[in-house]
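Reading through the structure tokens given below for one structure.
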Amino acid sequence: MLTLENIACRVEGRLLFGGVSAQIGARRRLGLVGRNGCGKTTLLRLVAGRLEPDEGRIVRARGLSVRLVDQEVPGGPQTPRAAVLAADGERAVLMEEAESAGGVDRAGIEARLAEIGAHAAPARAARLLAGLGVDEAMQRMPLSSLSGGWRMRVALAAALFAEPDLLLLDEPTNHLDLEAAMWLESHLKRYPRSVVLVSHDRDLLDAVPDGILHMAGGGLTFYPGNYTSFAKTHAERVAATRAQQARIDARRRRLRGFVDRFRYNASKARQAQSRVKALQKLADMPVLADEHTAGLTFPEPDGLKPPLVTFEDVAVGYEPGRPVLRNLNLRIDPDERIALLGANGNGKSTFARLLADLLPPERGTATRARNLAVGYFAQHQIDTLRPAETAFAHLAPLMPDALPERVRARLGAFGFGGEKADVPVASLSGGEKARLNLALITGRSPQLLVLDEPTNHLDIESRRVLVDALQEFAGAVVLIAHDMHLVQLVADRLWLVRDGTVRPYDGDLADYRAEILDGAGSRRTDGSARPPSVRKAARRAAAADRDRRKPLRDAVAAAESRIARAQEAQRSLHAALAAAAREDDAGRIAALGRELADAKRAEAAAEGDWFAASEALERGGTG
């Protein structure tokens, strides 16, 4: 159906990928995965014909229809339903011709319209829009009145309605809520033609594809099966390659030692020369690309007695007398892990702002623990970062009592170690900006994290790191996310935001999925959610592990502070020595020299302690 033949693409002279070959057959569902920036979106644009490869060629079957979902449909007076109907070009043309045709021509047109189901199309368009959360009232509104996120849903509905031979989807769930993401997954599993899907949503990549295309190291590799199958096979290949690489490195060291020792020994010259040639061959062998994902660690919060927050008959909204949510009677304790369910527009973000103390209650009583700090991650906050300033410049004002080395240590816990902390925000990727935002909201070591779609800019590995960090976090978490995998691994309780209130949901995600896909949107639920015992046990184990590792983390932090103090002392002593030398003060120079030697010994001792504590942490905190 479509074949990629040894294609290559360059961006500003830099090779993005090359030698890429693949075949996409009929009725195939493929996931396209790889690290951010590897070229997945560019490859989709090449397949769609919007770009041309710098090398190689793309062969398409005659008459093949390919559609890449636009990031946003234009505004204007057209309604969402009309925009979706217009996506079927043949139907639109025939409907227009039918109005003026007569006789035999009209009969032929009507026959073709019946053949393609044209008269049932409005109902099908309405169902697709409803599945993606665009309700009846919104379907009659002009597109110009809708936000970019809602227009994106319309664009997605239009692509699904057109049913091209090859549908290309680039992060289709980014603008969806959990409910619409569940519906889309179900729909794509039944899609009758071929799909290539770029996504960081692991559940979607497990449910839909029957094969995975992995972009890495400038190339493309096919793996049969879904994402979980790919991840297992890829990990095995990486382990085997690393073992081979370790053997090559060891051989290289032995050869280099022999060459260095006997290069100028006449009796060994011939053997040394043969080993030089062997070294040259080893140098040409491919090296495994480093795909390491930086870790992420939330700061340890000060302990507070429960409850952290209680609401009694609380109502909240943005205009007096018009509450968005009412009758809130809820409590959050220090170890809670809560996910909010409910379609967009029901008030999840409003509730998050209430928790973050950014919206005051209109009535009722909201009680917060004394000295409670809340870390609130909102979707729009990434756009408010100052492009010209560094990560350090963003975080330092939020930690006014901390020494610079403590600020840098905190940034290092979010993947901004070393020089990365001094890179302007404008040069950071979307995922790095999301990490920086997580660092900023935890500047006060909060006891409660309120996270509203924190994964939109994170790749799959970064999402895994976030899950690990949330499981280790000692405080409470309230989560809004369309990523079902994240919700399943983090949340112990589900709260449903619906009908103008928030209440515990008596069920799990499987129950909720069935409710959504069965159309049982009016079901009311009360009572306590069933906490998954497995995740409870995992959290207890994580807490025990935190307690066991805390002395080592403290030792690492203390050593970092000692290193920083010793380095600062050396800088001051060097300046003082220069001044003493200008004044030719021999006694002062000698005394400063002794102090400098002490400072260097202190730095070396601190580095030794840092390495020992760090290695113990790497071994799992066993000391």
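The values are calculated or read from the model by the stated rules, or taken from the named source; none is laboratory data. Note that the coordinates shown come from a computational prediction; the quantities given were computed from them, not determined experimentally. Cβ sites come from the backbone with ideal geometry, for glycine too, and all protein chains shown count toward neighbours. Ligands, DNA and RNA are excluded from the accessible area calculation, which covers all protein heavy atoms including side chains. Shrake-Rupley method; radii C 1.70, N 1.55, O 1.52, S 1.80 Å.
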### Message
Could you sort the peptides 235-247, 449-461 by per-residue average Cβ neighbour count (10 Å cutoff), highest mean leading?
### Response
449-461, 235-247
### Cα shape, the stretch 141-189, gyration tensor, a/c 1.5 rule
oblate
### Task
Output the peptides 39-46, 93-100, 75-82 sorted from most to least packed, where packing is the average of other Cβ atoms within 10 Å over each peptide's residues.
39-46, 75-82, 93-100
### Message
Looking at the chain only, what percent of DSSP beta bridges run antiparallel? Nearest 5 please.
### Response
50 percent
### Message
If you count only protein heavy atoms with a 1.4 Å probe, what accessible area per residue comes out for the chain, rounded to a whole Å²?
### Response
49 Å²
### Query
How much FRET efficiency would the formula 1/(1 + (r/R0)^6) give for ARG50 and SER147, where r is the Cβ-Cβ distance and R0 is 25 Å, rounded to 0.05?
0.50
### Message
Out of all Cα-Cα pairs in the chain, roughly what percent, to the nearest whole number, are more than 34 Å apart?
### Response
56 percent
### Query
How do 16-27, 378-389 rank on mean C-beta neighbours within 10 Å, highest first?
16-27, 378-389
### Task
Report, in debye and to the nearest 20, how large the dipole of the stretch 23-114 comes out about its Cα centre when Lys and Arg carry +1 and Asp and Glu carry -1 on their Cβ.
700 debye
### Task
Sort out for me the Cα centre separation of the stretch 422-463 from the stretch 230-250, rounded to whole Å.
31 Å
### Query
For the Cα atoms of the chain, what angle does the longest principal axis make with the long axis of helix 121-131, in degrees from 0 to 90, nearest 10?
30 degrees
### Query
Helix 460-472: angle to the longest alpha-carbon principal axis of the chain, degrees 0 to 90, nearest 10?
70 degrees
### Task
Show that you can apply the helix-only estimate: for the chain, add -39,500 (n - 2.57) for every DSSP H stretch of four or more residues, divide by all residues, and state [θ] at 222 nm to the nearest 500.
-15000 deg cm²/dmol
### Message
With the cut-off at 1.5 for a/c, could you classify the stretch 292-336 from its C-alpha gyration tensor as rounded, prolate or oblate?
### Response
oblate
#### Entry: 10 Å binning of all Cα-Cα separations within the stretch 399-474, expressed as whole percents from 0 upward
17, 52, 30, 2
### Message
Once you order the gyration tensor axes a ≥ b ≥ c over the Cα atoms, which shape class does the stretch 97-255 get: rounded for a/c under 1.5, otherwise prolate or oblate by comparing a/b with b/c?
### Response
prolate
### Task
Could you look at the chain and say what percent of its accessible area is carbon and sulfur, using a 1.4 Å probe and all protein chains?
50 percent
### Task
With label points built 7 Å along Cα→Cβ from the Cα atoms of GLU90 and SER427, find their separation and express it in nm.
5.3 nm
